[in-house]
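Participant: Just dropping this structure here.
The values are calculated or read from the model by the stated rules, or taken from the named source; none is laboratory data. Remember, it's a predicted structure, so these values are computed and weren't measured experimentally. Every residue, glycine among them, receives a Cβ derived from its backbone with ideal geometry; neighbour counts consider all protein chains shown.
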Amino acid sequence: MTSEYESTTQPLNDLTNTGKIRVLHLHTLPIVSGSGINTFLSMKGLDKDRYEVEFGCAPGGRLNELVASNGIRVKEIKNFVQPLNPIKDLLALVELTLFLKKNRYHIIHTHNSKAGFIGRLAGKLASVPIVVHTVHGFSFHDQEPFWKRKLLLNLERIASRWCDRMIFISQPLIDWGLRERVARIDKIVKIYSGIELEKFRLASEGETNRLRKKWGIALDEAVIGIVSKLWEGKGHAVLIRAFSEVSKHLPNSKLVIVGEGDLKNELESLSSAIGMNGRVLFTGFQANVRDLLACFDVAVLPSFFEGMGRVLLEAMAMEKPVVGTRVGGIPDLIDDGVNGFLIEPANVMQLSSSILRILNDKDLARQMGRAGRKKIQAVYSAEYMVRAIDDVYRRLFIEKGIQYAS
């Protein structure tokens, strides 16, 4: 098999002198998040003999550093911002379109709502042969005001016309997209967001004890943990209040919050105000979340909206029981009562009750942990995800008259 492509319309190799397929992945913010890690692993895993992969993102940030440290070129889009900003957004569109026309990629693969809209339009304006978009979630959720939801919904509907495929990371997202008419069924592909399973190996009792000591966690403490950006919509305040209820029944318990973000001071103040000062550990950003997951007895994600919930996958890989809200793609991961519990968003008592059921029943916790690891081993690996993305690219070459020569 060679890396030569032939076409009756536009020979693939006419666009590059490397003989490789040039792909630009586009992500809005340079933050190590679920969508950011998904994008990074998608780029990292593609066959380097076949693909020349680059990354476009807003300037600065840990995600850009991570990508660059793995030998992937980073193009910083200086006008990329997350909030709606007509002037910045227009400047970003011009900046990206000119960049695409100059560099001539075969594929632009966009992620997130903002990068997805601007990137898909820029790809169309620059005549990029193949445009792919991954849906990690939708920005027109119930937490936004009505006028903004309607605007974002209509923008998504328009942008769906400018791409060849839309990759969804969960079935509930597909159902949502079809219901809101932001995707055509013939453009949809479901590819679960994968993790590097080998990096989330099970921790021995001795390793767990050592890691707990490192973080000042007593060996006999019941640990509830969350790994997430400290942003609105992730449900941290709900979890802190639920932990207050849990601690009434389990005084020897601790809440560990892993992540960084704008809400840190507010959440620390809340913990102190309800008497949880010293019982809630804020670790800040941690590149190696596996070692903290090893300390957890139960992993929680009480989001108000969520594309999938990558941290739940990582916890399940380490045989941790999980509790998550019945939103977005989370129900794809949690089989209620089997590998964890599903709860309604913002329901403090339901969350605390579910946590207590797990912490008070070690046999149930073990059963749920094993069921979780078994569930994700089939289709939630990064390798499986990358193979599926590669298959999407290949099929689009064929559809557009670009034939792979073997």
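For every residue, the table says whether it meets (1) farther than 22 Å from SER35 by Cα; (2) touching a residue at least 12 places away in the same chain (Cβ under 8 Å).
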site: ASN70; (1), (2): no, yes
site: ARG73; (1), (2): no, yes
site: GLU76; (1), (2): no, yes
site: PRO83; (1), (2): no, no
site: LEU90; (1), (2): yes, no
site: LEU100; (1), (2): yes, yes
site: ASN112; (1), (2): no, yes
site: GLY116; (1), (2): no, yes
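Participant: Then there is this: From the list HIS111, HIS133, HIS106, exactly one residue is crowded, with 24+ Cβ neighbours inside 10 Å and more than 20 Å from the chain's Cα centre (by Cα). Which is it?
Facilitator: HIS106
Participant: Take ALA315 and decide whether it is within 27 Å of PHE138 (Cα to Cα), touching a Leu at 6+ places or on another chain (Cβ under 9 Å), among the small types (Gly, Ala, Ser) and not in a loop (DSSP other than H, G, I, E, B).
Facilitator: Yes, satisfied.
Participant: Within region 238-271, how many residues turn out to be in contact with an Asp or Glu (Cβ under 8 Å, 6 or more places away or on another chain) and not hydroxyl-bearing (Ser, Thr, Tyr)?
Facilitator: Of the residues in region 238-271, 3 are in contact with an Asp or Glu (Cβ under 8 Å, 6 or more places away or on another chain) and not hydroxyl-bearing (Ser, Thr, Tyr).
Participant: Okay, moving on. Quickly run through region 131-176 and pick out the residues that are farther than 20 Å from VAL379 by Cβ and assigned to a loop (DSSP other than H, G, I, E, B).
Facilitator: PHE138, SER139, PHE140, HIS141, ASP142, GLN143, GLU144, PRO145, CYS163, ASP164
Participant: For region 81-117, name all the residues that are part of a helix (DSSP H, G or I), of a type outside the set (Phe, Trp, Tyr) and touching a strand residue (DSSP E or B) at 6+ places or on another chain (Cβ under 8 Å).
Facilitator: LEU96, LEU100, ASN103, ALA115, GLY116 - these are the residues of region 81-117 that are part of a helix (DSSP H, G or I), of a type outside the set (Phe, Trp, Tyr) and touching a strand residue (DSSP E or B) at 6+ places or on another chain (Cβ under 8 Å).
Participant: Among the residues of region 35-67, which ones are among the aliphatic types (A, V, I, L, M) and more than 19 Å from the chain's Cα centre (by Cα)?
Facilitator: VAL53, the sole residue that qualifies.
Participant: Being of a type in the set (A, V, I, L, M, F, W, C) and in a strand (DSSP E or B) is the filter; apply it to region 240-285 and report the residue that is surrounded by the most Cβ atoms within 10 Å (Cβ to Cβ).
Facilitator: LEU255
Participant: Another question, then. Going through ILE402, ILE343, ILE334, ILE376 one at a time, which residue ends up being surrounded by 15 or more Cβ atoms within 10 Å (Cβ to Cβ) and free of Cβ contacts under 8 Å to residues at least 24 places away in the same chain? If you could, list the steps in order and put the result at the bottom.
Facilitator: Working: ILE402 fails: free of Cβ contacts under 8 Å to residues at least 24 places away in the same chain; ILE343 fails: free of Cβ contacts under 8 Å to residues at least 24 places away in the same chain; ILE376 fails: free of Cβ contacts under 8 Å to residues at least 24 places away in the same chain.
Exactly one of ILE402, ILE343, ILE334, ILE376 is surrounded by 15 or more Cβ atoms within 10 Å (Cβ to Cβ) and free of Cβ contacts under 8 Å to residues at least 24 places away in the same chain, namely ILE334.
Participant: Only one of these is at pLDDT below 95 and either assigned to a strand (DSSP E or B) or buried (at least 23 other Cβ atoms within 10 Å of the Cβ) (or both): VAL300, VAL327. Name it.
Facilitator: Testing whether each residue is at pLDDT below 95 and either assigned to a strand (DSSP E or B) or buried (at least 23 other Cβ atoms within 10 Å of the Cβ) (or both) leaves just VAL327.
Participant: Moving to a separate point now. May I ask you to say which residue of GLU232, GLU198 is in a helix (DSSP H, G or I), surrounded by fewer than 17 Cβ atoms within 10 Å (Cβ to Cβ), within 21 Å of the chain's Cα centre (by Cα) and at pLDDT below 95?
Facilitator: GLU198
Participant: Write out, first by first residue and then by second, each pair whose Cβ atoms fall under 7 Å of each other, whose residues are 6+ apart or on separate chains, and whose first residue, in region 180-202, is under 21 Å from TRP162 (Cβ atoms) while the second is charged (D, E, K, R) and surrounded by fewer than 16 Cβ atoms within 10 Å (Cβ to Cβ).
Facilitator: ARG181/ARG157; VAL182/ARG157
Participant: Separate question: Has region 46-56 got at least one residue that is surrounded by 23 or more Cβ atoms within 10 Å (Cβ to Cβ), over 26 Å from ASP391 (Cα atoms) and not polar (S, T, N, Q)?
Facilitator: Checked region 46-56: no residue is surrounded by 23 or more Cβ atoms within 10 Å (Cβ to Cβ), over 26 Å from ASP391 (Cα atoms) and not polar (S, T, N, Q).
Participant: Is there any pair linking a residue in region 145-166 that is assigned by TED's automatic domain parsing to the domain that holds ASP391 to one that is surrounded by 13 or more Cβ atoms within 10 Å (Cβ to Cβ) and among the aromatic types (Phe, Trp, Tyr), with Cβ under 6 Å and at least six apart or on different chains, and which?
Facilitator: ARG149/PHE140; LEU152/PHE140; LEU153/PHE140; LEU155/PHE117; ALA159/PHE117
Participant: Take GLU306 and tell me if it is on the phi > 0 side of the Ramachandran plot, buried (at least 18 other Cβ atoms within 10 Å of the Cβ) and either small (Gly, Ala, Ser) or assigned to a loop (DSSP other than H, G, I, E, B) (or both).
Facilitator: No, not satisfied.
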